[in-house]
Amino acid sequence: MGQKLLLDEAKAFFGINEPFDLADVKELYHKLAKKYHPDTGEYTSDILFLELKRHYEVLKNHLSDHHELNEIHSGQGNHSKDKVFQLYKENKQKETEVILEYYESRTNFPIQLSDSENQDLVKLRKALEPIVITYLKILENNPESIWIPDIKDSIQRLKVWYEA
């Protein structure tokens, strides 16, 4: 699912329109948490509460990204001059989109890690290749960057898609 679609879904779930800030989101989260919590709310199932938490994270991430972009454009952000961070962040975004697209394509299909029986997996692996290559180039060219541990973690997590 694309980031815009996730954001639109989260805003609809919260009943919120832009512009909004973190205080607005937190206030609505607490109100909805009381309503959807399976122990104290109107519903006994935890499905709506889990959806609330997922949408809350989407909205917080959107605000964080939006705030960071504003800081970068204004030159105030901590990472505004850190090209490694920018490259890492862009690559991380691509990684997330590619994996979400894979999961959407596999909805209602059994889990299958064989290339011959799962062409979506082959497509995912091809889409992840440039991302892994970029991570490896960052590691090679910027061994002193503070982002190296995060990049190594990302590479380690992506290895699961290549193990069969």
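The values are calculated or read from the model by the stated rules, or taken from the named source; none is laboratory data. These figures come from a predicted structure and were not determined experimentally. Cβ: placed from backbone, ideal geometry, glycine included. Neighbour counts: every protein chain shown. Quick note on the areas: whole protein, heavy atoms, side chains included, nothing else; ligands and nucleic acids left out. Shrake-Rupley method; radii C 1.70, N 1.55, O 1.52, S 1.80 Å.
Using a Förster radius of 35 Å, what is the FRET efficiency between Ala12 and Lys126 based on their Cβ-Cβ separation? Nearest 0.05, please.
On the way: r = 33 Å, r/R0 = 0.95.
Between Ala12 and Lys126 the formula returns 0.60.
For the pairs Lys4/Lys31; Lys35/Lys89; Lys26/Lys126; Lys34/Lys92, note any where the Cα-Cα span goes beyond 31 Å. Before the final figure, lay out each step's value.
Working: Lys4/Lys31 24 Å; Lys35/Lys89 35 Å; Lys26/Lys126 39 Å; Lys34/Lys92 34 Å.
Too far apart for the 31 Å limit: Lys35/Lys89; Lys26/Lys126; Lys34/Lys92.
Arrange the peptides 93-101, 38-46 so that the one whose residues have, on average, the most other Cβ atoms within 10 Å appears first.
Numbers: 93-101: 15.8, 38-46: 11.2.
Ranking, from highest mean packing down: 93-101, 38-46.
Quick check: residue separation of Lys89 and Thr44 times 0.36 nm, minus the Cα distance between them. What number comes out in nm? Write down the numbers at each step before the final one.
Values: separation 45, 0.36 × 45 = 16.20 nm, distance 3.87 nm.
Full-extension gain reported as 12.3 nm.
With every protein chain left in place and a probe of 1.4 Å, what is the accessible surface of Ile155, to the nearest 10 Å²?
Spelled out: Ile155, probe radius 1.4 Å, area about 30 Å².
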